[in-house]
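Worksheet: the structure to be examined is printed underneath.
The values are calculated or read from the model by the stated rules, or taken from the named source; none is laboratory data. Here the structure is a predicted model, which is why all the values come from computation and not from measurement. Ideal geometry is used to build each Cβ from the backbone, glycine not excepted, and the neighbour counts take in all protein chains shown. The accessibility values were calculated without ligands, DNA or RNA, using every heavy atom of the protein model including side chains. Shrake-Rupley method; radii C 1.70, N 1.55, O 1.52, S 1.80 Å.
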Amino acid sequence: RLSSPIALSAFCCWKKTIERNKFLVASATAKLAGEIKLEKGEKVARPEDLVHLYNTLLRNFEELAESGPEVLRGMEGANKVEESVRMDCMLEQALLQGQRAAALAAVHLGAGSHAEAAVLYARAAEHAAKVQDRAPKSSEIAAVAQKVQSDARKARCIALADGTIAHVAEQKGLRSGLDSVSFQESASAGGIEPQYLLDHLDEYKSAVSGKGASKVHIMPIPPKMTPIAVNPIVLDVAGDEIVYPDLQERAAVKKTSTLRNLFSFGKR
């Protein structure tokens, strides 16, 4: 029993706010899974919406962990209740971090970033595993954490498989594109070689590809592949075997007296 009506009102407000946001998360999750049909004019749920809702819930539990024990100090047996509230908030925050990581992974997966999604799914499984280790085995939060961990591991395997398929398809596309590259010019449709304006600037040539065509050829795109001469490679392998002459005699400095330098200063 709380000693102050203000404390009771604040605690109930926090509780109702958290329950409301949890309901919004459950509703958005059901819409994404197709379990709830959208009404006419209703916006389609997106994984980004879940990320925002999880951020809001994390702030709610953070505020409850910071201010909740102060509100409950007027209660009988406040020490035990404060410790229980802190532990519950810590477990809820860890679970929400895992669920948020899974929702953020779905956002990256929709954008085609399979590697980033796989890393986020692995992080979601790690957060859920921490909750399972600290929460009581028969509690509701432990069952939710187990489901989050299992779903995250499955989604990670699917993301890695999809990423591998996309990478293989991309490599095949690059190989097929390289196979079509050649040093020899290919003939256009009908066996007529296209004429380019830049190749015949000093004479008149038809720059139209074939009879009745309207596409003008100014220059080949991509440019034609032509051989380029490279500079010769010079290796200095005999540098260690060369004996250079001794030039110390030429470099010797002539010694002169200080008095002579003093009288010859004005003549320079």
Search result, residues across region 89-129 that are under 11 Å from V148 (Cβ atoms) and over 20 Å from the mean Cα position of the chain (by Cα): A94, L95, L96, H127, A128, A129
Quick check on region 27-44. Is at least one of its residues over 28 Å from H108 (Cα atoms), over 28 Å from the mean Cα position of the chain (by Cα) and assigned to a helix (DSSP H, G or I)? no
Six or more apart or on different chains, Cβ under 7 Å: which pairs go from a residue in region 81-106 that's farther than 16 Å from A28 by Cβ to one that's open to solvent by 50 Å² or more (accessible area, probe 1.4 Å) and not in a helix (DSSP H, G or I)? Could you list them? V81/M75
T56 being modelled with pLDDT of 75 or more and under 27 Å from the mean Cα position of the chain (by Cα): yes
Could you check region 134-151 and list, in sequence order, the residues that are within 14 Å of L91 (Cα to Cα) and either crowded, with 16+ Cβ neighbours inside 10 Å or in contact with a helix residue (DSSP H, G or I) (Cβ under 7 Å, 6 or more places away or on another chain) (or both)? R134, A135, P136, I141, A142, V144, A145, Q146, V148
Which one of these does A238 not meet: (1) within 47 Å of the chain's Cα centre (by Cα); (2) modelled with pLDDT of 75 or more; (3) not charged (D, E, K, R)? (1)
